[in-house]
Amino acid sequence: VMAASKPVEAPGGGGTAGLSRWQLALVLGAPILLGAGAIYVWGRRAARRGKGASERKTPEGRASPGPGGDGGSGQPDGPGHEEMSPLGRAQAAKNKGNKYFKAGKYELAIQCYTEAISLCPPEKNLDLSTFYQNRAAAYEQLQKWTEVAQDCTKAVELNPKYVKALFRRAKAHEKLDNKKECLEDVTAVCILEAFQNQQSMLLADKVLKLLGKEKAKEKYKNREPLMPSPQFIKSYFSSFTDDIISQPLLKGEKSDEDKDKEGEASEVKENSGYLRAKQYMEEENYDKIISESTKEIEAKGKYMAEALLLRATFYLLIGNASAAKPDLDQVISMEDANVKLRANALIKRGSMYMQQQQPVLSTQDFNMAADIDPQNADVYHHRGQLKILLDQIEEAVEDFDECIRLRPNSALAQAQKCFALYRQAYTGSNALTVQAAMKGFEDVIKKFPKCAEGYALYAQALTDQQQFGKADEMYDKCIDLEPDNATTYVHKGLLQLQWKQDLDKGLELISKAIEIDNKCDFAYETMGTIEVQRGNLDKAIEMFNKAINLAKSEMEMAHLYSLCDAAYAQTEVAKKYGLKPPTL
């Protein structure tokens, strides 16, 4: 992981080389975790095959659209044979309206459609729905969104599966900032169109992201800080080697004159909040670290810089970036502090900025860290991950190379370099370089057979290349090396779905992940996504809510809310219109 950008899925965490899950899924084409609209995943495949329909601006021409149809070509009809009947007169008024519409005379068109509505016999539901929908189209041209929504509602009441009216109402709701209603309408449209229309898919995605951001902002502000699991914390610290605060207690942390006087040395420990915090860290008693570090800081003790950095790190781990920032700022500005502490603080602040989607500030911090401590391998390792996120693959590879030069035994940097090269080859669709990257993974796991991350990243590339059996073996190697790593079980569970469409086995593995680490938000998220695809929407919403309560950043929370809202919109559409997307 990037230091704090995620303390999510740290390396050694069977994780994703600093890529957030949805970015990775988009890059590697994992079919289940696909961006904010992940819920619509099965439809997206169809959408890729289908052609996106063009913008619907025309009024209805045909009198009677079929229940699911979009009401014909939009070409106005000629006068019908029923000219003298009430319906015939209504049709004639509508045809006149269509001519005005095409000439851009929308006010006159509205008058004609209004006349058609008043002339139409009330039992002629489909004709009447067309007239309302046509009037809504004219109101849309005048940007009268409330009237658009009202007329579309009438049209849908008369013809519940009227795609054109539903989509027009969705767009009006978007303009009126009624996001929830917009999402319900556009979800119904996506299902009715079998996910063949790019426009409705894009609107769904857009509204889901906006809703997710809005809800996450509110929730994140008021969330209870939550300490991650011990496995997660250890995994996070394992991504640093030049990090003084995460090293075990050293004799050097006692002052020279106390080295041989054990009695006095233990007194130092008693009086130093930082040394007590380090002791608690070794005992995995993480809840006491912030308060002990605070004592050292308030006493302006000998280890004040270390205590500030340690406290900031745990603030980041519990998801409290606003408390972490002033501590990191202070360490970075302490010119007389150990340069390793300042560089580590810059890496963590840079990662925090990346998580807050401020890549310019993030890049500045990493560059400053490289300037003040050019021999610090951690700087290049974490900056390499930042560069992957920014899609600057060549620069990422250079950073990983520098990290490997400084620390030739860094299995992690070698595995992540392979992953970066693989991504570059894959996105460039170059079969030869893909092969070379896959060979690179083989070399890394031969050279570092004890590095779980090497197997995990190789497994992701193999899955992508549809080499499912071999990917499964790699995940098994990860599990042998790190049996308490929950994330690996989730990835292996996802693989069963892609490989054998084996939902039961997939869910069994993901349940095992939760058993190992009941704070693994990735497991709950994945379980929710699977339940959506099984059609168990209430269960899915329950899982997404569990993940939301465990999310470690606002950005991640927003993504989870998007998934949850999409599932909820589907339950509402199922209730209202009896519509359900295809399930596994």
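What are the semi-axes of the equivalent ellipsoid for region 388-440, taken as the square roots of 5 times the Cα gyration tensor eigenvalues, largest first, in whole Å?
Value: 20, 13, 7 Å, ordered largest first.
What FRET efficiency comes out for the pair N545/K295, r = Cβ-Cβ distance, R0 = 35 Å, nearest 0.05?
0.40
Please work out how much length the chain gains when fully extended from L108 to K302, using 0.36 nm per residue of separation minus the C-alpha to C-alpha distance, in nm with one decimal.
Fully extending the segment from L108 to K302 adds 61.6 nm.
Considering only protein heavy atoms, with the full assembly of protein chains and a 1.4 angstrom probe, order W499, W145 by accessible area, largest first.
Numbers: W499 80, W145 50 Å².
Ranking W499, W145 by accessible area, largest first, yields W499, W145.
Cross-link list K288/K519; K213/K580; K221/K505; K171/K539; K417/K492; K417/K500: which exceed 28 angstrom alpha carbon to alpha carbon? Please list the in-between numbers first.
Values: K288/K519 19 Å; K213/K580 26 Å; K221/K505 38 Å; K171/K539 30 Å; K417/K492 23 Å; K417/K500 30 Å.
Correct reply: K221/K505; K171/K539; K417/K500.
Tally up the carbon and sulfur contribution to the accessible surface of region 86-222 as a whole percent, 1.4 Å probe, everything protein left in place. Spell out each step's value before the answer.
Numbers: 3060 of 5870 Å².
C and S fraction of accessible area: 52 percent.
Would you calculate the separation in nanometres between label points at D504 and T571, each defined as 7 Å from the Cα along the Cα-to-beta-carbon direction?
If labels sit at D504 and T571, their model points lie 2.7 nm apart.
Classify region 462-584 as rounded, prolate or oblate, taking a ≥ b ≥ c as the square roots of the eigenvalues of its Cα gyration tensor: rounded when a/c is under 1.5, otherwise prolate if a/b is larger than b/c and oblate if not.
Values: a/c = 2.39, a/b = 1.48, b/c = 1.62.
Because a/c hits 1.5 or more and a/b fails to exceed b/c, region 462-584 counts as oblate.
Give, rounded to the nearest 20 debye, the magnitude of the charge dipole that region 86-222 has about its Cα centre when Lys and Arg contribute +1 at Cβ and Asp and Glu contribute -1 at Cβ. Walk me through the numbers on the way to the answer.
Details: 25 positive and 17 negative charges, 70 e Å.
The calculated dipole for region 86-222 is roughly 340 debye.
Describe numerically, in nm with one decimal, the distance between label points set 7 Å from Cα along Cα→Cβ at K217 and at N518.
Rounded to a tenth, the inter-label distance reads 3.5 nm.
Per residue of region 484-490, what does 6.51 cos²θ - 1.76 cosθ + 1.60 with θ = phi - 60° give for ³J(HN,Hα)? Whole Hz please, x for Gly and Pro, Karplus curve as stated.
Once rounded to whole Hz, the list reads 9, 8, 4, 4, 4, 5, 5.
What share of Cα pairs, in percent, lie more than 26 angstrom apart in region 86-222?
30
Hey, rough spin-label estimate for S85 and L390, points 7 angstrom out along Cα→Cβ, what's it come to in nanometres?
Placing both labels 7 Å along Cα→Cβ, they lie 7.0 nm apart.
Be a star and scan region 325-342 for residues whose amide nitrogen sits under 17 Å from the point 7 Å along the Cα-to-Cβ vector of Q247.
337-342
Whole number in Å², please: accessible area per residue of region 86-222, 1.4 Å probe, ligands, DNA and RNA not counted.
Here the per-residue accessible area is 43 Å².
The values are calculated or read from the model by the stated rules, or taken from the named source; none is laboratory data. What you see is a predicted model; the values in this text were computed from it and never measured. Cβ coordinates were reconstructed from backbone atoms using ideal geometry, including for glycine residues, and neighbour counts include every protein chain displayed. Side chains are part of the model used for accessible areas, which takes the heavy atoms of the whole protein and leaves out ligands, DNA and RNA. Shrake-Rupley method; radii C 1.70, N 1.55, O 1.52, S 1.80 Å.
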